[in-house]
Each structure stands twice: as C-alpha cells, then as structure tokens.
Amino acid sequence: MSRPLLFAANWKMHLGPGEARTFLDRFLAIDTPRHGRTVMFFPPAVSLEATAERLRGHEHDLVGVQDVYWEAKGAFTGATSVALARGAGASAALVGHSERRHVFGETDTETNRKVRAVLDGGLQAMLCVGEQLAERERGETEATVTRQLRTGLANVTAGADLVIAYEPVWAIGTGRTATPSDAVVVHTAIRMVLVDLGFARDTRVLYGGSVNVGNVAQLVAEPEVDGVLVGGASLDPDGWARICAVGP
Ligand code: 13P
C-alpha cells in the first residue's frame with residue numbers, strides 16, 4: 001500500500017527563533033509543495049511559536065515538539081507539557097528519540113507515558129525506535145525494536161494518530177546509513193508488530209539516521225519507507241528543500 005510521504009526535520013538543539021524564521025523564509029521561497037506530501041519541523045521548544053507562525057497558511061507544513069513531559073502542569077523545571085507545546089503551535093511530538101533514551105536515560109515505560117500523554121492531549125505521536133550497534137551485532141535488532149514498540153504502545157488505542165520512526169542509533173549523526181534493504185527488513189518487522197497490535201495499515205513508518213540529499217531518493221523509493229526523519233541535513237534550507245522534493 002502506498003502511504004503519502006512525510007519529511008520530518010529534527011533540528012535538535014539548533015536554530016533559535018530568529019534563525020528559524022530566517023531558515024523558513026529561505027525554505028518557503030524555494031520549496032515547491034507536492035501533492036500529498038507533508039513536511040514537518042521539530043524545532044527546539046523555544047522556537048516552536050516562531051516556526052508555527054512562519055508556517056501559518058502552509059497547510060502541509062506542520063510543527064512538532066521534540067519531547068514532552070507527561071504531567072499536565074506543575075513544578076517540573078525545564079519540562080514542556082503537551083498543552084504548552086500545543087499552545088505554541090505544535091500538532092505533533094517526537095517521543096523516545098534515541099538521544100532522549102541514551103543521553104537522558106529515558107526508559108520504554110517513560111516513553112509509553114509520553115506517547116499516551118501526547119495522544120490524550122490531541123497531538124500526533126511520532127514514536128522513535130532503533131537498536132544500538134552492540135544490539136545489531138548481537139542479532140537483536142528486531143527484538144529491540146519489537147520491545148520498544150510493544151512497551152511504548154501499551155494501552156494505546158489502535159486508532160491513535162501515530163507515526164513510527166525507525167532510527168538505528170549507530171546511523172545517527174555518524175554518516176553511516178542503513179542500506180535501503182537493511183531498512184526494509186526492519187520496517188517490515190515494525191509493520192508486523194503494528195498489524196499485530198491492530199494499528200491501521202496507513203500508519204507511516206519513517207527512516208532516520210544520516211539521511212541526506214544523496215541517499216534519500218533510494219530510501220523513499222522503498223514502499224515500506226513512508227518518509228524520513230532527518231537531523232543534520234535538515235539544518236540547511238536549500239538542502240532540506242532538495243530532500244523534500246524527492247518522491248514519486
Ligand atoms: P542525523 O540525520 O543527523 O543522523 O540525525 C537523525 C536523527 O536523529 C533524526 O531524529
């Protein structure tokens with residue numbers, strides 16, 4: 001089945017409000033929207049509002065927050081609730097990005113609390129999964145990803161507004177990309193878990209990890225790859241526009 005492509009930019013800890021506006025001025029000047037394609041930007045929380053304002057009126061260009069905390073409000077210094085992110089213009093949230101898991105120590109159970117808070121708060125959840133190099137070398141890729149999905153999606157209703165991003169940790173920011181056939185093997189395993197959990201066939205599964213202008217076309221040519229989640233190569237508006245121009 002062919003699902004509309006989604007191109008997601010994870011700016012990580014880059015681009016403050018002014019830089020985000022400058023980026024988007026350039027991107028919007030050169031980007032040609034394509035039928036059915038969605039572009040999504042995940043700026044740092046301080047730039048959510050500037051990003052959302054600059055994209056107002058561009059209905060296929062959406063904004064998401066990189067992380068949320070599951071509590072609705074209170075004494076949680078440094079955290080962003082779903083409602084705060086939504087109020088600043090977010091319509092989606094990344095959950096369980098590998099940097100949240102491996103730099104900040106987030107567990108599968110915490111990821112699940114976040115997924116449920118995001119969905120309960122009316123945002124789309126983009127759940128990130130992926131194995132570390134040692135897990136791949138031990139032949140545990142599918143087991144790792146399956147555990148992250150099953151725990152991360154526990155008590156999530158099958159009709160939820162969900163996207164999965166497969167990001168092998170060893171490919172993030174390293175210049176090493178999974179080959180399209182490596183990605184397809186894992187995407188197919190992810191799809192089987194999603195079907196088993198009752199999620200719709202139109203749930204998109206993105207690939208992330210050193211995606212760039214040179215390799216994106218081959219990746220999205222695979223029917224099991226429904227788009228990409230891009231870090232470093234999404235920070236240059238010209239390159240990002242070229243990435244988003246790829247597709248059928
Ligand atoms: P890079 O594209 O820089 O490898 O980052 C991938 C990523 O983590 C996107 O969320």
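Out of all the residues in segment 118-128, is one or more under 17 Å from the mean Cα position of the chain (by Cα) and part of a helix (DSSP H, G or I)? Within segment 118-128 (the criterion being under 17 Å from the mean Cα position of the chain (by Cα) and part of a helix (DSSP H, G or I)), the answer is yes, since at least one residue qualifies.
With respect to Val228, determine if the residue is aliphatic (A, V, I, L, M) and out of contact with any strand residue (DSSP E or B) (no Cβ under 9 Å at 6 or more places or on another chain).
Details: aliphatic (A, V, I, L, M): yes; out of contact with any strand residue (DSSP E or B) (no Cβ under 9 Å at 6 or more places or on another chain): no.
Spelling it out, it is not the case that Val228 is aliphatic (A, V, I, L, M) and out of contact with any strand residue (DSSP E or B) (no Cβ under 9 Å at 6 or more places or on another chain).
The residues on offer are Thr109, Thr51, and the sole one that is of a type in the set (Val, Ile, Thr) and surrounded by fewer than 19 Cβ atoms within 10 Å (Cβ to Cβ) is Thr109.
Selection within segment 1-36: residues that are of a type in the set (Gly, Ala, Ser) and either within 16 Å of the ligand (Cβ to nearest atom) or within 15 Å of the chain's Cα centre (by Cα) (or both). The member of this set that is nearest to Val228 (Cα to Cα) is Ala8.
Pairing each residue of segment 93-109 that is within 13 Å of Lys12 (Cα to Cα) and part of a helix (DSSP H, G or I) with any residue that is among the charged types (D, E, K, R) and modelled with pLDDT under 95, provided the two are 6+ apart or on different chains, yields no C-beta distance under 6 Å.
Taking Asp202, is it touching a helix residue (DSSP H, G or I) at 6+ places or on another chain (Cβ under 8 Å), among the charged types (D, E, K, R) and either in contact (Cβ under 8 Å) with a residue 60 or more places away in the chain or within 30 Å of Asp25 (Cα to Cα) (or both)? When the stated conditions are applied, Asp202 does not pass them. Within segment 158-180, if we keep just the residues that are in contact (Cβ under 8 Å) with a residue 24 or more places away in the chain and among the hydroxyl-bearing types (Ser, Thr, Tyr), the residue that is surrounded by the most Cβ atoms within 10 Å (Cβ to Cβ) turns out to be Tyr166.
The values are calculated or read from the model by the stated rules, or taken from the named source; none is laboratory data. Nothing here was measured: the structure is a model prediction, and the numbers come from that model. No Cβ is skipped: glycine too gets one built from the backbone with ideal geometry, and neighbour counts run over all protein chains shown.
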